[in-house]
1. Say whether the condition of being open to solvent by less than 70 Å² (accessible area, probe 1.4 Å) and in a loop (DSSP other than H, G, I, E, B) is met by at least one residue in region 43-51.
2. Please enumerate the residues belonging to region 1-15 that are in a strand (DSSP E or B) and open to solvent by less than 60 Å² (accessible area, probe 1.4 Å).
3. Quick one: is R19 in a strand (DSSP E or B) and open to solvent by 20 Å² or more (accessible area, probe 1.4 Å)?
4. Just give me the residues in region 43-67 being at pLDDT below 85 and over 14 Å from the mean Cα position of the chain (by Cα), in sequence order.
5. Return the residue satisfying two criteria in turn: it lies in region 57-69 and is within 13 Å of K113 (Cα to Cα) and touching a helix residue (DSSP H, G or I) at 6+ places or on another chain (Cβ under 6 Å), and of such residues it is surrounded by the most Cβ atoms within 10 Å (Cβ to Cβ).
6. Any idea which residue in region 81-108 is least open to solvent (accessible area, probe 1.4 Å), counting only those that are part of a loop (DSSP other than H, G, I, E, B) and touching a residue at least 12 places away in the same chain (Cβ under 8 Å)?
7. Identify, please: which residue in region 70-79 is open to solvent by 20 Å² or more (accessible area, probe 1.4 Å) and out of contact with any helix residue (DSSP H, G or I) (no Cβ under 9 Å at 6 or more places or on another chain) and is, among those, nearest to K137 (Cα to Cα)?
8. Step by step: first the residues of region 31-42, then only those that are at pLDDT below 75 and outside any loop (DSSP other than H, G, I, E, B), then the one that is surrounded by the fewest Cβ atoms within 10 Å (Cβ to Cβ). Which residue is that?
Amino acid sequence: YEIDAPLGAGGMGEVYRARATRLERTVAIKVLPESLKDNPDLQQRLEREAKSVSTLSHANICTLYDVGEQEGTAFLVLEFLEGETLEQRLTRGPLPAEQVLRLAIEMTDALEKAHKQGIIHRDLKPSNVMLTKSGAKLMDFGLAKLMEQPAPMAAALSELTAENRKLTAEGTILGTFQYMAPEQLEGHEADSRTDIFAFGE
């Protein structure tokens, strides 16, 4: 992979536009910030994001192509999305009602797919939704909560892997304050209703 330019950065990672030389296509590469790359908990979260996204195949969810490590830096290779985030679009004013309805249907469909596979996003917000020519794409599963296996929702909501218990123990607050459900703010376990609450915000 050849890095072309930075695309953006957040608390959990830096994203770069890059070229996959063997396949000759443009991709997005996500890495932990230099200051955090030696943090084992954050390394585990990056791995968790890879596991989350790799199980999801959906037109409205950003595709994971590859994972790797270079000189001690773990990275994800993701679908390169051209467009703007919902957050960027909203700075220009409200969306037309028809576009709001289409976006809501696409995001609901993406969340339903994730929830059916036992994955709770837990950080749904406008900056994690990319608006592209082909439709909206849900991104950034860095705070996702994984279930042990796809299961009926009643069972899935109460199951966590031992690894995830360590990373998201009760009492730990994860997410973006403005979009967090009450149970997140109180440090309790999240389930699919957490994403539904954020979706409504």
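1. Start the filter on region 43-51 by keeping residues that are open to solvent by less than 70 Å² (accessible area, probe 1.4 Å), which leaves 43-46, 48-50.
Checking the rest, the ones that are also in a loop (DSSP other than H, G, I, E, B) come to none.
So far as region 43-51 goes, no, none of its residues is open to solvent by less than 70 Å² (accessible area, probe 1.4 Å) and in a loop (DSSP other than H, G, I, E, B).
2. A5, G8, E14, V15
3. The answer is yes for R19.
4. Within region 43-67, Q43, Q44 qualify.
5. I61
6. Ranking the qualifying residues of region 81-108, first place goes to L81.
7. Result: E79.
8. Here the answer is S35.
The values are calculated or read from the model by the stated rules, or taken from the named source; none is laboratory data. All of these numbers come straight from a predicted model, not from anything done at the bench. Positions of Cβ are generated from backbone atoms using ideal geometry, with glycine treated the same way; all protein chains shown enter the neighbour counts. Quick note on the areas: whole protein, heavy atoms, side chains included, nothing else; ligands and nucleic acids left out. Shrake-Rupley method; radii C 1.70, N 1.55, O 1.52, S 1.80 Å.
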